[in-house]
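To keep things clear, I will list the structure first and then write my remarks on it.
The values are calculated or read from the model by the stated rules, or taken from the named source; none is laboratory data. Everything quoted here is computed from the prediction, not taken from an experiment. Cβ sites come from the backbone with ideal geometry, for glycine too, and all protein chains shown count toward neighbours. Ligands, DNA and RNA are excluded from the accessible area calculation, which covers all protein heavy atoms including side chains. Shrake-Rupley method; radii C 1.70, N 1.55, O 1.52, S 1.80 Å.
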Amino acid sequence: MLAAIRSASVLGIDAIDIIVEVDVVPGLPAWTIVGLASNAVKEARERVSAALANSGFDVPSRRITVNLSPADVRKEGTSFDLPIALALLAATGSLPPAAIEGLIVAGELGLDGSIRPIRGALSLARAAARTNACLVVPDANVAEATLAGTARIASASTLGALVTQLRNHGPTLACVTAPERPRERCDSADALDFADVSGQAAAKRALEIAAAGGHNVLMMGPPGAGKTMLARRLPAILPALTEEELLEVVAIHSVGGLIVPGTIPSCTPPFRAPHHTISLAGLIGGGPGPRPGEVSLAHRGVLFLDELLELPRHVLDAMRQPLEDGCVVIARAAHAVAFPARFQLIAAANPCKCGHSLSNNGRCQCSTSDIERYRSRLSGPLADRIDLHVHVGAVDITALGSAKDEESSASIRKRVAVARDRQRERYEPLGGVRTNADAPGRWLAEFGEISRDARIQLVAASERLEMSARAYHRALRVARTIADLDGDTQVSQSAMAEALHYRT
């Protein structure tokens, strides 16, 4: 007998419909799974057989063929265990075929019949909402799936309990529309605070500008100057994610396997800080699936690269496209997958191998050629995409023991929020543009209210510094952000001078 049930597979962060067909015919006992299934999918025959037996169902001693359609799309993961089991029960008469009509089912089975969490539940729920189908997921994925809002969700903890529900209620199950989730507070009281950082007023100002306009920053200075300490406090002054941004972040993190089952990530922007030995696939994405890399996991948040110049140059240069386009396209022989990657790059580096070439302590023993060779690991095109280049000097030891009060993250965050509101109003006609860093250069040059003197100053500096067109527009964006922070409608000469200071 033949039975079929709907499921879905995640490709990138989107879900595509998969039809799971099970055919049971007389013959020698055998399992065959076809339809471009990965090893994890093919191993479902062992999990499903054990789960059925341990749940009190008979496993037929017949020839069983499972087809995952469309057959030309590669299937990854363990989410097909549950639909295969239900379709097999329907094919053998243990479950009425009508009971599984109109459902989209996904879940991993344990050998004891328990239904375990899967990746990409939010993507599946969004796909189910488009067709008004009821999505059946493990209990642990319900919190994530309900973020889709309009999706109809049902769940179960064990295979036996789910089959009982289907026999009693059919495809109606307990499918209910996900209730509107109240907007959670993003309390930053426990976040790292800028008040903990002594001195470094110039670096704090640069990070405030970066937070307000979404700009990229490179901090260069000797070891122990506080570069990492400053970078790790940046999320504390960033605005909370909007509902739309939170959905994007959850979808990516779910596909990457970073969501703790039963929980929803905070609306605080993500902060990713990979080690400098990270591989190209780890940073950009790839591998089986493929999976999102750090640039995508930092989407709508911060990617912090400490010891930037210790990363291989080919790994660094791979960030050029994500920084420019806000997405990563990973091509495979059969398909291409796009992952969002609109993040702020915050990088820290030593000026030379020993780290003391910019200090006046005479400790640096690096030759000029050694310093140039070390700094050349950061290519010109990538350096051009970094808006603010900041020197972070060593802190006077005597200042560390002083009782001087430093400004808290809360007060800085208020100024950043006001500047972001100004940008949101300015770019509302463009749609999709939220910050000055994302604004088209031509649009900003025409409607950004740049004073005549500031324009003349920018052109003169561009010619003197031999700035590229990209650097020209990035300096323009930083100047607009400085003006927004200062509450100025028009970009003045002082705002432009400060922006150009960060290009040198």
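Which one of the conditions (1) touching a Lys or Arg at 6+ places or on another chain (Cβ under 9 Å); (2) modelled with pLDDT under 95; (3) open to solvent by 20 Å² or more (accessible area, probe 1.4 Å) does residue 152 fail to meet, given that it meets all the rest?
(1)
When the range 30-68 is examined, which residues are found to be surrounded by fewer than 15 Cβ atoms within 10 Å (Cβ to Cβ), in a strand (DSSP E or B) and of a type outside the set (A, V, I, L, M)?
Answer for the range 30-68, where residues must be surrounded by fewer than 15 Cβ atoms within 10 Å (Cβ to Cβ), in a strand (DSSP E or B) and of a type outside the set (A, V, I, L, M): just 32.
Are any of the residues in the range 186-197 under 26 Å from the mean Cα position of the chain (by Cα), part of a helix (DSSP H, G or I) and at pLDDT 90 or above?
Scanning the range 186-197 turns up at least one residue that is under 26 Å from the mean Cα position of the chain (by Cα), part of a helix (DSSP H, G or I) and at pLDDT 90 or above.
What is the one condition in (1) open to solvent by less than 10 Å² (accessible area, probe 1.4 Å); (2) touching a strand residue (DSSP E or B) at 6+ places or on another chain (Cβ under 9 Å) that residue 306 does not satisfy?
(1)
Given the criteria under 23 Å from the mean Cα position of the chain (by Cα) and in contact (Cβ under 8 Å) with a residue 24 or more places away in the chain, does residue 438 qualify? Steps first, please.
Numbers: under 23 Å from the mean Cα position of the chain (by Cα): yes; in contact (Cβ under 8 Å) with a residue 24 or more places away in the chain: yes.
Considered against the rule, which asks whether it is under 23 Å from the mean Cα position of the chain (by Cα) and in contact (Cβ under 8 Å) with a residue 24 or more places away in the chain, residue 438 comes out as yes.
Which numbered condition trips up residue 264, out of (1) aliphatic (A, V, I, L, M); (2) modelled with pLDDT of 90 or more; (3) in contact with a helix residue (DSSP H, G or I) (Cβ under 8 Å, 6 or more places away or on another chain)?
Among (1) aliphatic (A, V, I, L, M); (2) modelled with pLDDT of 90 or more; (3) in contact with a helix residue (DSSP H, G or I) (Cβ under 8 Å, 6 or more places away or on another chain), residue 264 violates only (2).
Listed residues 453, 484; which is acidic (Asp, Glu), surrounded by 16 or more Cβ atoms within 10 Å (Cβ to Cβ) and at pLDDT 90 or above? Break it down stepwise before answering.
Details: 453 fails: surrounded by 16 or more Cβ atoms within 10 Å (Cβ to Cβ).
From the options 453, 484, the qualifying one is 484.
Among the residues of the range 348-388, write down those that are surrounded by fewer than 17 Cβ atoms within 10 Å (Cβ to Cβ) and not in a loop (DSSP other than H, G, I, E, B).
Scanning the range 348-388 gives 368, 369, 370, 372, 373, 375, 380, 381, 383.
Select the helices (runs of 4 or more DSSP H) contained entirely in the range 219-334, then report the ones holding at least 2 residues which are in contact (Cβ under 8 Å) with a residue 40 or more places away in the chain. Break it down into steps so the answer makes sense when it comes.
Details: elements: 227-231, 243-255, 280-284, 294-297, 313-317, 320-325.
Result: 227-231, 243-255, 294-297, 313-317, 320-325.
Would you mention how many residues in the range 419-433 are of a type outside the set (A, V, I, L, M) and open to solvent by less than 60 Å² (accessible area, probe 1.4 Å)? Spell out how you get there, then give the answer.
Filtering the range 419-433 down to residues of a type outside the set (A, V, I, L, M) leaves 420-429, 431-432.
Keeping just the survivors that are open to solvent by less than 60 Å² (accessible area, probe 1.4 Å) gives 420, 423, 426-427, 431.
Qualifying residue count, the range 419-433: 5.
Might you check whether a residue that is open to solvent by 30 Å² or more (accessible area, probe 1.4 Å), assigned to a loop (DSSP other than H, G, I, E, B), out of contact with any helix residue (DSSP H, G or I) (no Cβ under 6 Å at 6 or more places or on another chain) and closer than 24 Å to residue 205 by Cβ occurs anywhere in the range 408-418?
Kept after step one, since they are open to solvent by 30 Å² or more (accessible area, probe 1.4 Å), are these residues of the range 408-418: 408, 410-411, 413-415, 417-418.
Next, only the ones that are assigned to a loop (DSSP other than H, G, I, E, B) stay: 408.
Now narrow it down to the ones that are out of contact with any helix residue (DSSP H, G or I) (no Cβ under 6 Å at 6 or more places or on another chain): none.
Looking through the range 408-418, none of the residues is open to solvent by 30 Å² or more (accessible area, probe 1.4 Å), assigned to a loop (DSSP other than H, G, I, E, B), out of contact with any helix residue (DSSP H, G or I) (no Cβ under 6 Å at 6 or more places or on another chain) and closer than 24 Å to residue 205 by Cβ.
Among the residues of the range 101-130, what is the count of those that are open to solvent by 10 Å² or more (accessible area, probe 1.4 Å), touching a residue at least 24 places away in the same chain (Cβ under 8 Å) and not small (Gly, Ala, Ser)?
10
How many residues are open to solvent by 50 Å² or more (accessible area, probe 1.4 Å) and at pLDDT 95 or above when one looks only at the range 1-16?
2
Among all residue pairs at least 6 apart or on different chains, which show Cβ distances below 6 Å where the first residue, located in the range 403-432, is under 14 Å from residue 485 (Cα atoms) and the second is surrounded by 14 or more Cβ atoms within 10 Å (Cβ to Cβ) and among the charged types (D, E, K, R)?
Hits for this filter: 412/208; 419/484; 422/484.
Whether any residue in the range 272-280 is closer than 30 Å to residue 225 by Cα, touching a strand residue (DSSP E or B) at 6+ places or on another chain (Cβ under 6 Å) and surrounded by fewer than 20 Cβ atoms within 10 Å (Cβ to Cβ) is what I want to check.
Yes: the range 272-280 contains one or more residues that are closer than 30 Å to residue 225 by Cα, touching a strand residue (DSSP E or B) at 6+ places or on another chain (Cβ under 6 Å) and surrounded by fewer than 20 Cβ atoms within 10 Å (Cβ to Cβ).
Please tell me if residue 395 is β-branched (Val, Ile, Thr), in a helix (DSSP H, G or I), open to solvent by less than 50 Å² (accessible area, probe 1.4 Å) and touching a residue at least 24 places away in the same chain (Cβ under 8 Å).
no
Would you check if there is a residue in the range 419-430 being aliphatic (A, V, I, L, M), closer than 25 Å to residue 197 by Cα and at pLDDT below 95?
Residues of the range 419-430 aliphatic (A, V, I, L, M): 419, 430.
Within this subset, residues satisfying the condition of being closer than 25 Å to residue 197 by Cα are 419.
From the residues that got through so far, the ones that are at pLDDT below 95 too are none.
For the range 419-430, residues aliphatic (A, V, I, L, M), closer than 25 Å to residue 197 by Cα and at pLDDT below 95: absent.
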